[in-house]
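The values are calculated or read from the model by the stated rules, or taken from the named source; none is laboratory data. On a predicted model such as this, the values are computed, not experimentally measured, just so you know. So basically every Cβ, Gly included, is an ideal-geometry build from the backbone, and we count neighbours across all protein chains shown. Side chains included, ligands, DNA and RNA excluded: accessible areas come from the protein's heavy atoms. Shrake-Rupley method; radii C 1.70, N 1.55, O 1.52, S 1.80 Å.
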Amino acid sequence: MTSAAPRLPALLDALGQRAPRGMVLGLDRVREALAALGDPHESVPAVHVAGTNGKGSVCAMVESIARAAGLRTGLYTSPHLSRFAERIRVGGEPIDDAGFERALSAALERVPSPLTFFEALTVAAFVAFRDAGVDLAILEVGLGGRLDATNVIGAPLCTAITSIAFDHQALLGPTLADIAREKAGILKPGAPAVLGPLEPEADAAIEAAAQAAGAGPRLRVTRAEHGARAGEIAVGRAGPFARATRVAAPGRRAVEVELGLRGAHQAENAGVACGVAWQLAGRWPEVERALPAGLAAARWPGRLERIEAGAAHVLLDCAHNPHGAQALAAWLDEEGPGAARTSLVFGAMTDKGWGEMLQTLAPRARRRFYVTPKGRAAAPLEALCAIAPGEPIGDPGAAVARALEIAAPGELVVVTGSIYLVGEVRSALLGIAPDPVVAL
């Protein structure tokens, strides 16, 4: 920590002590806290993004596009990989220590009632964005949408829902329609909404919620061969390279670009990001002109991120549910070196669909190493071995070292299954001193 923020370590410690309260959904405490701080959330134009998977990538793309257009941006995402400050970004960089200290002290010390860990960070983000004078804030929902702490935004410039899949059923409901309704809670009267490809059950639930809320026009992303019809955003390949993507919509100039983010699924995320950007262009025309540059420059750590490690390569991916594992498997099938030249380092939380995830990924690796990530209770090593034979090493660092030790030149070591796991390994590989792990 820098001398400009001498109290920050103590504040981060106090923040971490809020974590044992876990996730407490609801908006009353956050609204009360924001009111006590002058309602900073009302002074910053915002985009609000929900979804099971892909919402972080869409937020990163929209933020990159806005910066390419010359806007001063704020980006609020969760969780972090190494440092708490990664969750609050200003101008594309994690918030500096002095700004973090000011914002966090306000959220922890100047509010009427104690906030949870996530609530405090959310309030701090709004304070930081107001103090930094950002032109646009891009907000990623933490969990669900309707009762998520970020959902205090009353009039977003645009909302987006990237995908609906099974995750957090204990909190969001047992069916896709239940989950969709919770995420549709971010839709607001008059605000346009951009929707990623959805199963019919989820789409119907979101459409009903949009009509009930009086939401603005909906744009839906599709991989339509016929091109985009009214109300659609069509995405597809623009050339022979995997990341060459074309996004088109009626009345808009088509965007053809090699995406900065890896994975075929990123084409759909780019479609959502373009839909959001086209809405923002009504206020800032330069945003539409910045689309190709912003999409090409977008980066999102820990998402199909490749790190050189001697003669071999490490691929970090935050796939932490079955839907995410399917996207990773699709990338391995299309762009990976093949199962004979791939090792898998896998660990997951017990409250995730770890069995289904491992069944998807195990056939795509010749060697498998099972680990226990820090954080909440992890899937038992012996249970992982029962699904697909592998080495039950436990310690993530030791497992990656073992995989690299026996890897031949050009082989790929895939680290996945838990965001906690990716954060721990990434910090070690890049020499980043991480903040303490906080399990929610």
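At what distance in angstrom do the alpha carbon centres of the stretch 277-325 and the stretch 421-440 lie from each other?
Taking the Cα centre of each part, the stretch 277-325 and the stretch 421-440 sit 20 Å apart.
Starting from the Cα of Ala433, step 7 Å toward the Cβ, then list every residue of the stretch 100-132 with an amide N under 14 Å from that point.
So the set is empty, nothing qualifies.
In Å³ and rounded to a whole number, note down the convex hull volume per residue for the Cα atoms of the stretch 171-223.
Looking at the stretch 171-223, the number lands at 67 Å³ per residue.
Calculate the all-directions average of the projected area of the stretch 324-438's alpha-carbon convex hull, and give it in nm².
6.8 nm²
How are the C-alpha pair distances of the chain spread across 10 Å bins, as whole percents from the shortest bin up?
Here the calculated profile for the chain is 5, 22, 31, 28, 13, 2.
Compare Glu391, Glu140, Glu382 in a GNM of the chain, Cα atoms joined below 10 Å, and give the one with the largest fluctuation.
Its mean-square fluctuation being the largest, the pick is Glu382.
Checking the cross-link filter: which aspartates and glutamates have an alpha carbon closer than 19 Å to that of Lys188, excluding same-chain neighbours under 8 positions apart?
The qualifying aspartates and glutamates are Asp28, Asp39, Glu42, Glu140, Asp148, Asp178, Asp203, Glu207.
I'd like the carbon and sulfur percentage of the solvent accessible area for the stretch 287-440, probe radius 1.4 Å, heavy atoms only, ligands and nucleic acids excluded.
Here carbon and sulfur together make up 56 percent of the probe-accessible area.
Would you give the gap between the C-alpha center of the stretch 96-148 and the C-alpha center of the stretch 163-241, rounded to a whole Å?
Using only Cα atoms to place each centre, the spacing works out to 27 Å.
For the stretch 1-159, what's the radius of gyration and Dmax over Cα atoms, in angstrom?
Taking only Cα atoms of the stretch 1-159, I get Rg and Dmax of 14.3, 41 Å.
Ignoring everything except DSSP H segments at least 4 long, calculate the 222 nm mean residue ellipticity for the chain; use -39,500 (n - 2.57) per segment, divide by total residues, nearest 500.
That calculation yields -11000 deg cm²/dmol at 222 nm.
In whole percent, how big is the carbon plus sulfur part of the accessible area of the stretch 123-235, probe 1.4 Å, protein atoms only?
Ligands and nucleic acids excluded, carbon and sulfur reach 53 percent.
Under a point spin-label approximation (7 Å from Cα along Cα-to-Cβ), what is the Glu258-Glu93 distance to one decimal in nm?
Distance between the two pseudo-spin positions: 2.8 nm.
Per 0.36 nm of contour for each residue apart, how much would the distance between Glu405 and Ala35 grow if the chain were fully extended, relative to their Cα-Cα spacing?
127.7 nm
Starting from the Cα-Cα distance between Glu382 and Glu286, subtract it from 0.36 nm times their residue separation and give me the gain in nm to one decimal.
Values: separation 96, 0.36 × 96 = 34.56 nm, distance 5.49 nm.
Length gained between Glu382 and Glu286: 29.1 nm.
What is the spread of the Cα atoms of the stretch 1-78 along each of their three principal axes, largest first, in whole Å?
Dimensions of the stretch 1-78 along the principal axes of its Cα atoms: 37, 36, 29 Å.
For the chain, what does the relative contact order come out to in percent, with C-alpha contacts under 8 Å and a separation of six or more?
The normalised contact order for the chain reaches 15 percent.
At R0 = 60 Å, how high is the FRET efficiency between Gln17 and Asp333 if r is their beta carbon distance? Nearest 0.05 is fine.
FRET efficiency, Gln17 to Asp333: 0.85.
Give me the accessible area per residue for the chain, probe 1.4 Å, as a whole number in Å².
Value returned for the chain: 38 Å² of accessible area per residue.
Given the convex hull over the Cα atoms of the stretch 199-247, what projected area results after averaging over all orientations, in nm²?
Projected area, direction-averaged: 4.3 nm².
How many angstrom separate the Cα center of the stretch 1-63 from the Cα center of the stretch 369-405?
32 Å
Just to be sure I understand the model, the point goes 7 Å from the Cα along the line to the Cβ. What's the resulting Ala309 to Arg72 distance in nm?
4.1 nm
According to the square roots a ≥ b ≥ c of the eigenvalues of the Cα gyration tensor, what is the shape class of the stretch 327-371, taking rounded for a/c under 1.5, prolate for a/b larger than b/c otherwise, and oblate for the remainder? Provide the component values of the computation, followed by the final result.
On the way: a/c = 2.68, a/b = 1.56, b/c = 1.72.
Judged from the Cα gyration tensor, the stretch 327-371 comes out oblate (a/c at least 1.5, b/c at or above a/b).
Could you rank the peptides 425-435, 178-188, 111-121 by their average count of other C-beta atoms within 10 Å per residue, with the highest value first?
Those peptides, ordered most packed to least, come out 178-188, 111-121, 425-435.
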